[in-house]
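Heads up, the thing below is written out as structure tokens.
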Amino acid sequence: MTDTANKPASTAANKLMLDPRITQAKALLREAMLEHMEPLNQVRPAIEELKVPYQQALEHTAALRGGGLFFPYLGSGLGSGPFVELGDGSVKLDFITGIGVHFYGHNHPDLLDTSVDAALQDTIMQGNLQQNLDTRTLLDLMIQLAKINPESKLQHCFLTSSGSMANDNAFKLALQHNHPADRIIAFEHNFCGRTIAMASVTDKAAYRVGIPTALNVDYVPYFDEADPEGSTKKAVDALKRLIKRYPDRYALMKFEIIQGEGGYNLASRDFFVQLMSICKENNIAVMADEIQSFGRTTMPFAFQHYKLDEYIDLVNIGKLSQVCATFFTEEYKPKPGLISQTFTSSGTQIRAGIRIADEFLNGNLFGDNGKIMKLSNLMREKLQAIAEKHPGKISGPYGLGGMIAFTPFDGSLEKVKKLMMDLYDDGFLCFIAGGNPVFRLRMLPPIPAIDESHIELAAEMIEKAITRID
Ligand SMILES: Cc1ncc(COP(=O)(O)O)c(C=O)c1O
């Protein structure tokens with residue numbers, strides 16, 4: 001017998017991962033990174049000598065990309081949890097996180113480890129013909145998440161490169177399955193993405209100026225928290241009218257369960273149940289767009305928070321999962337050739353996605369007493385207290401869990417933008433939403449990377465800024 005006959009079979013890649021030099025190198029990288037992150041634990045202004053070169057970098061970037069950046073923001077590449085250092089040496093408190101992408105904050109040590117593991121892999125990107133074994137691990141975890149409740153019929157998960165692509169894939173699955181139905185229903189004020197097809201669905205005229213219509217879309221009004229029964233009836237009536245006008249022509253209804261760009265609007269379970277039941281009766285696929293809401297409520301998916309599992313045929317995620325994905329039931333499995341792409345994702349994203357999905361399954365983020373709701377409740381209390389202390393200055397809070405918003409002043413674009421930019425200059429990052437008709441400021445804080453002290457600091461900064469504006 002040879003020596004190797006007694007050893008369990010292992011790939012060279014596995015042996016590399018177990019090499020003690022890699023473990024040592026990772027510990028050293030972590031130590032160095034944490035040491036250099038240390039000074040970035042508070043908001044601070046720009047370093048005087050860096051102001052001019054930073055301004056030049058901003059102008060040059062704007063000229064090259066054919067338009068200025070929304071914020072004068074170019075990161076230095078280092079941060080510390082919710083704090084991020086910019087190229088001018090300033091440090092900001094980041095409660096917008098790339099509109100919900102950097103849920104784990106800046107320089108999360110575990111994500112350093114997953115990135116090093118990924119960097120040791122053979123390629124940067126993985127795609128249609130060649131994916132690594134990691135893909136299977138990620139898919140396993142994703143399906144476990146989607147099937148937390150036994151009522152879920154979701155069986156499959158197709159990874160992709162952006163939220164828009166995930167939505168596009170789901171539309172294709174529904175259109176193919178329900179052919180010749182060729183129309184789609186969505187809510188008023190929904191956001192769906194930026195491709196030509198997604199711009200046809202997103203209910204914002206400015207985002208499709210000069211762009212041809214790629215999909216036939218009809219709209220149903222969303223829930224109004226001020227008029228639950230009336231608004232539910234309006235939506236139900238509108239849906240029934242559409243189905244009557246175009247019988248057998250609807251392939252899918254897109255449910256953006258919590259409206260993100262629309263202004264952090266919520267609906268009731270009954271509202272969804274009534275509309276989804278009508279879809280089911282008419283063979284219209286029920287698709288949940290959870291690209292912004294995934295990982296933000298008491299459950300991994302908002303459809304689980306609202307106990308809608310039994311109705312969901314398709315669901316899309318993106319942003320904080322790092323890898324975007326379309327989940328679907330056996331019924332909506334595509335025919336060969338319908339969906340594919342060169343880039344599924346980078347190895348770094350896939351490894352990070354595995355780490356995140358694992359924490360979603362086994363950590364303490366979810367539930368009424370999980371970290372998301374605890375910190376969200378604290379932020380909501382703080383906003384409420386500011387609203388009471390400074391009448392007329394802010395109203396709200398709005399949203400749910402890790403999606404938190406408030407309306408500053410009268411909600412006019414001018415005043416909301418002014419406050420957002422004042423907060424930016426003070427060192428606090430948040431972003432505008434809504435406009436239907438009032439605008440709001442929204443936050444997507446990096447929950448796993450923060451504690452109560454960061455919420456307190458955010459509230460202090462908001463209070464200070466609103467008292468400066470009349
Ligand atoms: C609800 C929703 N759908 C779709 C998208 C589009 O995702 P992406 O920007 O990754 O294409 C977004 C992005 O903000 C979103 O919030």
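The values are calculated or read from the model by the stated rules, or taken from the named source; none is laboratory data. Quick caveat: nothing in here was measured; it's all calculated off a predicted structure. Heads up, the Cβs are rebuilt from the backbone with ideal geometry, glycines too, and the neighbour counts pull from every protein chain shown.
Structure data summary
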| read-out | value |
| --- | --- |
| Residue list for region 85-124, restricted to those being surrounded by 15 or more Cβ atoms within 10 Å (Cβ to Cβ), among the aliphatic types (A, V, I, L, M) and touching a Ser or Thr at 6+ places or on another chain (Cβ under 8 Å) | LEU86, ALA118 |
| Within region 316-352, tally of residues that are more than 16 Å from the ligand (Cβ to nearest atom) and closer than 23 Å to LEU112 by Cβ | 4 |
| Qualifying positions in region 203-218 - more than 23 Å from the chain's Cα centre (by Cα) and surrounded by 11 or more Cβ atoms within 10 Å (Cβ to Cβ) | ILE211, THR213, ALA214, LEU215, ASN216, VAL217, ASP218 |
| Which numbered condition LEU129 misses (of (1) part of a loop (DSSP other than H, G, I, E, B); (2) of a type outside the set (Lys, Arg); (3) closer than 25 Å to LEU444 by Cβ) | (3) |
| Condition met for GLN274 (within 16 Å of the ligand (Cβ to nearest atom) and over 28 Å from THR135 (Cβ atoms)) | no |
| Residue in region 224-236 that is out of contact with any strand residue (DSSP E or B) (no Cβ under 6 Å at 6 or more places or on another chain), away from the ligand (no atom under 16 Å from the Cβ) and among the hydrophobic types (A, V, I, L, M, F, W, C) present | yes |
| Leading residue by the ranking (nearest to ALA405 (Cα to Cα)) among those in region 274-295 that are surrounded by fewer than 24 Cβ atoms within 10 Å (Cβ to Cβ) and among the polar types (S, T, N, Q) | GLN274 |
| Residue within region 131-148 that is surrounded by fewer than 22 Cβ atoms within 10 Å (Cβ to Cβ), small (Gly, Ala, Ser) and not assigned by TED's automatic domain parsing to the domain that holds LEU457 present | no |
| Lone qualifier among LYS417, LYS464 - being more than 30 Å from PRO109 (Cβ to Cβ) and either surrounded by 14 or more Cβ atoms within 10 Å (Cβ to Cβ) or under 21 Å from the mean Cα position of the chain (by Cα) (or both) | LYS417 |
| Single unsatisfied condition, PRO247 versus (1) outside any loop (DSSP other than H, G, I, E, B); (2) under 16 Å from LEU175 (Cα atoms) | (1) |
| Leading residue by the ranking (farthest from the ligand (Cβ to nearest atom)) among those in region 188-221 that are touching a helix residue (DSSP H, G or I) at 6+ places or on another chain (Cβ under 7 Å) and more than 26 Å from GLN176 (Cα to Cα) | PRO221 |
| Residues of region 288-315 satisfying the condition of being over 15 Å from MET373 (Cα atoms), within 13 Å of the ligand (Cβ to nearest atom) and assigned to a loop (DSSP other than H, G, I, E, B) | ILE291, GLN292 |
| Positions within region 227-273 being surrounded by 16 or more Cβ atoms within 10 Å (Cβ to Cβ), touching a Ser or Thr at 6+ places or on another chain (Cβ under 9 Å) and without any contact (Cβ under 8 Å) to a residue 60 or more places away in the chain, in sequence order | THR232, ILE257, ALA267, PHE271 |
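Yes/no per residue for (1) within 16 Å of the ligand (Cβ to nearest atom); (2) closer than 26 Å to GLN341 by Cβ:
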position: TYR104; (1), (2): no, yes
position: LEU112; (1), (2): no, no
position: LEU145; (1), (2): no, yes
position: ASN167; (1), (2): yes, yes
